[in-house]
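First the structure, in the form of structure tokens, and then the observations on it.
None of the figures in this text is laboratory data; all of them are computed from the coordinates on show. The shown structure was predicted, so the numbers you read here are calculated from the model rather than taken from an experiment. Ideal geometry is used to build each Cβ from the backbone, glycine not excepted, and the neighbour counts take in all protein chains shown.
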Amino acid sequence: MRNSLISLFIFLLFSCSPGYQLKTEDENITRVEYDFYLLEDGFVQFNIDYFIPYSKLIFTKESNGFNSDITLSIDIIEDNKKILYNNSWSDNIHVDYFEETKSKKDYIGHFTFKIEKKQQYLMKIFINDYSNHKYYKYEQNLTINDYQYLSDIELYIKNNEKYFNLDNLENSDLENLDTLWIKYQIIDDDIGDNSLTFKVLNKDINNIAGLVSTIDASKLNSYAIDLYPISIGDISYKNLEINCHYRDIYKSKSIVILDKEEIIFDYTLLSNPMENYILNRQEYIEYIELDSAKKTEYIENYWLKKNNPDLLVEFYKRVRYANTTFKKIGSEGSNSDQGEIYIIYGRPLNIDFEFNENGEFEIWQYHNKRFVFINRFGYYECYQC
């Protein structure tokens with residue numbers, strides 16, 4: 001009897017342990033980007049960004065939106081398999097709307113650590129979703145290259161006292177951008193009278209400098225990791241290269257300023273939405289008999305007659321968003337029920353969710369309208385429209 005109780009205790013102990021409950025998933029759901037900075041004490045600082053698609057996470061409905069709770073662990077290992085650094089933390093990932101839980105966008109997490117300088121490390125990241133019995137593992141080598149005088153540069157924007165790397169942002173996040181923050185590090189034990197120069201170049205016109213800024217040697221600090229602001233609000237061109245020069249070292253980074261970029265319209269995207277939502281009866285009769293080339297010409301002339309380019313841009317953006325966000329297998333998103341409402345009325349002021357015995361509902365609220373959609377096999381169809 002005593003042996004039986006001991007055996008039962010051991011079975012329960014191991015069966016309740018997360019390591020035994022969770023089976024490693026075959027797919028890699030994350031990716032990692034990193035930069036590093038050499039420190040004066042012989043250590044190196046790594047800045048890590050990790051990306052997890054929202055669509056791969058499992059969310060639970062809360063009163064204020066949808067949440068996913070995951071636990072992450074990191075091991076940094078050297079060649080002899082010795083663990084040089086490890087850490088664990090929890091991320092509560094929140095989104096406001098159900099559609100965001102299915103988004104192709106990534107959740108971006110950040111962490112920083114300082115470690116003794118080696119040439120190469122192996123980084124292992126473990127992602128645990130204990131409540132849903134999901135467990136993922138990711139591995140990547142981290143390589144150190146000695147900078148000569150000047151680190152690589154990274155471009156950031158600043159929002160609510162936080163800095164965001166431009167490489168990780170969506171195109172819409174760069175609209176109306178007026179200030180760039182350049183992240184850099186000088187590694188020089190003898191700065192002397194060497195200054196640091198930034199040039200904003202127009203890549204479309206033989207890299208002619210449109211803006212030059214210089215930091216005097218007296219304001220440079222070796223091994224400091226600094227952010228320097230560059231105002232680009234008055235720059236009229238869109239295709240920029242940021243060039244950083246110290247001693248005989250040059251580092252550069254490119255960017256396209258979207259609000260200065262003219263949209264290239266693909267009028268074929270507008271064909272079905274024009275037929276379904278825009279044209280009146282007489283216009284539809286004229287349009288439907290045309291071949292594809294004449295239809296494109298008709299759409300162009302239609303919007304030229306409107307003489308309202310801002311309206312065309314807004315319509316085009318709505319169609320493009322609907323195609324991306326609400327697409328179904330074998331059908332464009334603009335043809336879906338939600339795509340139709342979005343194209344006609346734009347983004348709702350508020351989206352609510354209800355769950356009852358009849359199904360799962362998504363409710364779009366506008367100033368004087370309300371649309372209810374029901375989840376049918378993963379796609380939302382009109383329920384009360």
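Give me the percent of DSSP beta bridges within the range 267-384 that run antiparallel, rounded to the nearest 5. Among the beta bridges of the range 267-384, antiparallel pairing accounts for roughly 100 percent.
Label zone of I263 (point 7 Å out along Cα→Cβ, amide N under 20 Å): in the range 305-328 this covers 305-327.
Scalar couplings 3J(HN,Hα) for the range 143-152, obtained by applying the Karplus form with A = 6.51, B = -1.76, C = 1.60 to θ = phi - 60°, are 10, 10, 10, 5, 6, 9, 6, 9, 6, 4 Hz; x denotes Gly and Pro.
For K114 and K369, a Förster radius of 45 Å and the Cβ-Cβ distance give a FRET efficiency of 0.25, rounded to the nearest 0.05. Would you mind getting me the FRET efficiency between N221 and K124? Use the beta-carbon distance for r and R0 = 30 Å, nearest 0.05. So, using R0 = 30 Å, E works out to roughly 0.30.
Among the GluC sites (Glu not before Pro) in the range 116-220, those placed in a DSSP loop whose Cβ has at most 13 other Cβ atoms within 10 Å are E161, E170, E175. Charged side chains reduced to their Cβ positions (Lys and Arg at +1, Asp and Glu at -1) give the range 254-378 a dipole of some 120 debye around its Cα centre.
Once Rg and Dmax of the Cα atoms in Å is calculated for the structure shown, the corresponding label among (i) 22.1, 75; (ii) 21.9, 66; (iii) 27.1, 91 turns out to be (iii). Based on C-alpha pairs under 8 angstrom that are at least 6 apart in sequence, the chain has a relative contact order of 10 percent. Connecting C-alpha atoms closer than 10 Å in a GNM of the chain, tell me which of Y321, Y284, Y149 has the biggest fluctuation. It is Y284.
Legend: calculated FRET efficiency, V32 to N272, from the Cβ-Cβ distance at R0 = 41 Å, rounded to 0.05, equals 0.55. What the Cα convex hull of the range 229-385 gives, in volume per residue, is 229 Å³.
Take 60-71, 305-316, 333-344 and order them by the average number of nearby Cβ atoms within 10 Å per residue, most first; the result is 333-344, 60-71, 305-316.
Taking N243, N323, N356 in turn, the Gaussian network model of the chain (Cα-Cα springs below 10 Å) assigns the largest fluctuation to N356.
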